[in-house]
Amino acid sequence: QNEINEVPFFDVQLPYELALKIFQYLGKAELGRCAQVSRTWKILAEDEVLWYRLCQEEGYLLDMSISDHSCWKLALKNCRAREHMLKTNWKNRVGAVSQLHYEPGRVLCDVHCCDGVVMAGYSSGEVKLWDTRTWDYRAPVLAAVAGPGGAGALPHVSFVRINSSLAVAAHEDGTVSVWSLLLGQEPIHHFQHNQHLQALALAPGGAAVATASGFQVRLESPDDRGFWQTPGTFEIQKLVNFLNLVPDVRGSPVAVAAAEDIVYLLKAEAPGRILHSVYGQPVTCLDVAAHEAAFGIKTFGWLLNEPNQILLYNLETNQCVTKVGNSMGAFSCVNLHSSPPNMLVAGNKDRRVRVFDLRRGEAVCCVQGHQLGVCSVQMDEWKVVSGGEEGLLCVWDQRMATKLWEMHARHPVRRVWFDSHILITANIPEEKNPRGSSITEDDPSLHRKYRGVIYSYDFSVDQLAVDSVLPICRSSYDEVSGYSYNIGLAVPYDSI
């Protein structure tokens, strides 16, 4: 028998390529059983093509080719072990936590995050970046453009947004600056509004910016040569409360704006279209995915016996797909774009977090653990992270509907972002000019409790073991407080 080129399948001999095609329909357990049949079947069941395909189907190492690993079976085993380790660390709150510090005397105004890169704007008018994917937490300052008043202190930062290639910041005087994360700290584009902005949006995967100032919504995007232009300007009947750009749109940008009780679909080089409008039912939250938009509406349930709901609209047909949620409290936040397919998570003023299955149109999970309303939420396949107005951060097990752990800080948790191993939270104060603070900008006398804070949690213990020295042990010993929960210090005689 020529078992190198032909594989015995019971009473017939099949070519190796044909036998490989048959084995492609088997899973990991079946391949393991087939490897015990004979030496030839073992060679076939451990073929790199089979295990590379299994690794890709399970979502591991998607950016690698088959030649990047010599043993894809071992690579799949390591990936699954790492995923199990990260899930265990998430549940038990094992890992390291760091604060992304800024010089004293500055109040945190807004925070946004994309793929572990954190962007923060402060009351001093400065904008800073951190890359939490490395342990170098030194934040570069993005140079801002002076407003029409000329020299002097910059006004407060109103909004910041960041994606994989661009960073955008808006100031109180209506100045909007756009930076490229690849070209340095000088802005590549800026423009000016006559008054401050109510909303700012940046396309998650593209190069488009949308701003709402007064009764005007403006779209900005670069052309094929890289020169920024304004493909669309829209006049809105009411003041815009929420603004989002539709991701994964080819060509001209598309925005969804909520102005009190009207939701607009704004396409560049086309007239604005009303997506939803019911008089007396204002929109309380908004989120947009590639083909759908979800927003909460507030009704007078105690008067007309109509509960508050979340409406899901299809952006291609402009029709309402489904209505979910029957709550007496108003929905304060909703997350559609980063949720699993056909799932949606929302926070409510009634202190509850709800997970909805859009196919069935009902809630599959409802948990309560906040003292005040929920202001930020995000979920994945098994967990939900929520932040409350009282400063409480909660991590929930979705299937068990139980709280895994919580952390508390002074200010509301207005930003939550996480991936498999990093969690970013931002406690942003409501008051940007607290009483008792000094008038001078360079006075560091502003008390710590007024400033707000950004936390970075890292649950990848193996990464910490490689670096050997934890961030808490590399501190300057000038800090008066530390964090030692489930952390083994690198220096034995250190006590915190």
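Provide the per-residue ³J(HN,Hα) series for the stretch 417-423, in order, calculated from phi with Karplus coefficients 6.51, -1.76, 1.60 and θ = phi - 60°, each as a whole number of Hz, with x at glycine and proline positions.
Rounded to whole hertz, the list is 8, 8, 10, 5, 9, 10, 10.
Of all trypsin sites (Lys or Arg not before Pro) in the stretch 314-392, which ones are in loop regions per DSSP and have a Cβ with at most 16 other Cβ atoms within 10 Å?
In loop regions of the stretch 314-392 (DSSP not H, G, I, E or B), the sparsely surrounded trypsin sites (Lys or Arg not before Pro) are ARG359, ARG360.
Rank PHE215, VAL254, THR233 by how far each Cα sits towards the positive end of the charge dipole of the stretch 165-269 (+1 on Lys, Arg Cβ; -1 on Asp, Glu Cβ) and give me just the farthest.
Towards the positive end, the residue furthest out is VAL254.
Which number comes out as Rg/Rh for the stretch 310-402 once both Rg and the Kirkwood Rh are worked out on C-alpha atoms?
So for the stretch 310-402, dividing Rg by the Kirkwood Rh gives 0.96.
Stretch GLU430-SER180 to full length: gain in nm at 0.36 nm per residue minus the Cα-Cα span?
This chain segment gains 87.1 nm when fully extended.
Going highest first, how would you order 58-67, 409-418 by mean Cβ packing within 10 Å?
409-418, 58-67
Ranked highest first by average number of other Cβ atoms within 10 Å, how do 327-335, 70-78 line up?
327-335, 70-78
Filter LYS28/LYS91; LYS91/LYS449; LYS238/LYS449; LYS349/LYS383; LYS21/LYS91 down to the pairs with a C-alpha to C-alpha distance above 32 Å, please.
As for pairs spanning more than 32 Å Cα to Cα, those are LYS238/LYS449; LYS21/LYS91.
Check which residues have an amide H placed less than 5 Å from GLY205's amide H, if you skip close sequence neighbours.
HN-HN under 5 Å from GLY205: ASP248.
In whole angstrom, and with the biggest value first, how far do the Cα coordinates of the stretch 10-88 range along each principal axis?
Result for the stretch 10-88: principal-axis Cα extents of 47, 24, 19 Å.
What is the dipole size for the stretch 16-90, taken about its Cα centre, with +1 at each Lys and Arg Cβ and -1 at each Asp and Glu Cβ, in debye to the nearest 20?
340
Here, each number is a calculation from the coordinates, and none is a lab measurement. All values derive from a computational prediction rather than experimental measurement. Cβ: placed from backbone, ideal geometry, glycine included. Neighbour counts: every protein chain shown.
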